[in-house]
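Q: Dropping a structure here in structure tokens format, bear with me for questions.
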Amino acid sequence: MRRLTLHLTRGLGVLALVTLLAPLACAVWMSFAPGEVLEPPTSQWSLRWYREFFGTAKWTRAMATSAEVAGLSVLGSLGSGLALAVAVTRFHFRGRRAVAGAVLLPLFVPAVVLAMGLLPFVALAGLQGKAVALAAAHALVSLPAVYLVLRGALAQADPDLERAARGLGVGPVTAFRRVTLPLIGPSVIAGAVIAFILSANEFAFAVFLSSPRVRTLPAALWPEARDKETPLLAAASVVTALFTLLGMWIVARLLRR
């Protein structure tokens, strides 16, 4: 019975993995189509649409903007998420539960509603169409996930170790940096990766807060998907997936160092 359960669990896991990866595999296949129609190639394969993607300034500029916005978003969500997680887990103050609940509010509000609500504030601050405005909006979206990951890690980290370091004469910041932060390092990396993924693939905020000069890759692809439906969409999807994986690897390497 146990062996049957094990095989069934493995089979369901493999089936779920294949189901999740099938659309990406189909996109990779269709990205090599030589014609103008978004369909899988049969006899001839071509790199035409990859050459067009990397040879067009609109797409390369959008990819560079996505990288800039995602990097700023990771910094913003990590800094605010870590500060809030430390405040909630390490300190007792009036309104602590309200703060812990308020951090999660972006999870329950549709991205379109949040984008429309942020639009007048961004315009009032003079940040309409700037990368920092998009990064702040993306950080707001990824903040709940980063906060939950770091809060769970801090709840499991023994605060007595930090107190022992402070008893040996170091300050609170140094004790946190040298004792607690290495303990929650894997969770910090996980939070940064989550923030990067959410920012690199976010669409609603990019539509409302971007401009013709500052536009992320998902926002730049939207007119192409709406009007043409060429294999360029498949090539751009593959590039976006590779860009996300590369960004995740870079973020993880930097944080480990």
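Q: Is segment 111-129 home to any residue that is in a helix (DSSP H, G or I) and under 16 Å from the mean Cα position of the chain (by Cα)?
A: The answer is yes, given that some residue of segment 111-129 is in a helix (DSSP H, G or I) and under 16 Å from the mean Cα position of the chain (by Cα).
Q: Out of (1) open to solvent by less than 90 Å² (accessible area, probe 1.4 Å); (2) at pLDDT 80 or above, the odd one out for PRO40 is which?
A: Exception for PRO40: condition (2).
Q: When you check VAL207 against the structure, is it under 25 Å from LEU127 (Cα atoms), surrounded by fewer than 18 Cβ atoms within 10 Å (Cβ to Cβ) and β-branched (Val, Ile, Thr), yes or no?
A: So VAL207 fits the description; yes.
Q: Condition test on SER66, is it farther than 28 Å from ARG177 by Cα, at pLDDT 85 or above and among the small types (Gly, Ala, Ser)?
A: So SER66 passes the test.
Q: Can you give me the number of residues within segment 205-225 that are at pLDDT below 75, of a type outside the set (A, V, I, L, M) and either touching a Cys at 6+ places or on another chain (Cβ under 8 Å) or within 25 Å of LEU21 (Cβ to Cβ) (or both)?
A: 1
Q: Identify, by number, the condition in (1) surrounded by 14 or more Cβ atoms within 10 Å (Cβ to Cβ); (2) on the phi < 0 side of the Ramachandran plot that GLY129 doesn't meet.
A: The one condition GLY129 does not meet is (2).
Q: Here is a follow-up. Which numbered condition in (1) open to solvent by less than 60 Å² (accessible area, probe 1.4 Å); (2) of a type in the set (A, V, I, L, M, F, W, C); (3) free of Cβ contacts under 8 Å to residues at least 60 places away in the same chain is the only one that ALA220 fails?
A: (3)
Q: Could you count how many residues in segment 165-192 are of a type outside the set (D, E, K, R), free of Cβ contacts under 8 Å to residues at least 40 places away in the same chain and open to solvent by 40 Å² or more (accessible area, probe 1.4 Å)?
A: Matching residues across segment 165-192 total 11.
Q: Show me the helices (runs of 4 or more DSSP H) found entirely inside segment 173-257 where at least 3 residues are under 13 Å from the mean Cα position of the chain (by Cα) and more than 13 Å from ALA62 (Cα to Cα).
A: 185-200, 232-256
Q: Can you name every residue in segment 226-250 that is over 21 Å from LEU21 (Cβ atoms) and open to solvent by 10 Å² or more (accessible area, probe 1.4 Å)?
A: Listed by number, the residues that qualify are ARG226, ASP227, LYS228, GLU229, THR230, ILE250.
Q: State which residue is least open to solvent (accessible area, probe 1.4 Å) when the search covers only segment 132-164 and only residues that are within 21 Å of ALA87 (Cα to Cα) and β-branched (Val, Ile, Thr).
A: So, considering only residues that are within 21 Å of ALA87 (Cα to Cα) and β-branched (Val, Ile, Thr), the one least open to solvent (accessible area, probe 1.4 Å) is VAL146.
Q: Hey, could you check segment 85-96 for residues that are in a helix (DSSP H, G or I) and at pLDDT below 85 and say which is nearest to VAL149 (Cα to Cα)?
A: ARG90
Q: Follow-up question, since we're still on this one. Do we find a residue being open to solvent by 90 Å² or more (accessible area, probe 1.4 Å), part of a helix (DSSP H, G or I) and either under 30 Å from LEU140 (Cα atoms) or not hydrophobic (A, V, I, L, M, F, W, C) (or both) anywhere in segment 53-62?
A: Yes, there is a match, as at least one residue in segment 53-62 is open to solvent by 90 Å² or more (accessible area, probe 1.4 Å), part of a helix (DSSP H, G or I) and either under 30 Å from LEU140 (Cα atoms) or not hydrophobic (A, V, I, L, M, F, W, C) (or both).
Q: Restricting segment 79-102 to residues that are among the hydrophobic types (A, V, I, L, M, F, W, C) and over 21 Å from PRO159 (Cβ atoms), which is surrounded by the fewest Cβ atoms within 10 Å (Cβ to Cβ)?
A: Here the answer is ALA98.
The values are calculated or read from the model by the stated rules, or taken from the named source; none is laboratory data. These numbers come from a predicted model, not from an experiment. Cβ sites come from the backbone with ideal geometry, for glycine too, and all protein chains shown count toward neighbours. Side chains are part of the model used for accessible areas, which takes the heavy atoms of the whole protein and leaves out ligands, DNA and RNA. Shrake-Rupley method; radii C 1.70, N 1.55, O 1.52, S 1.80 Å.
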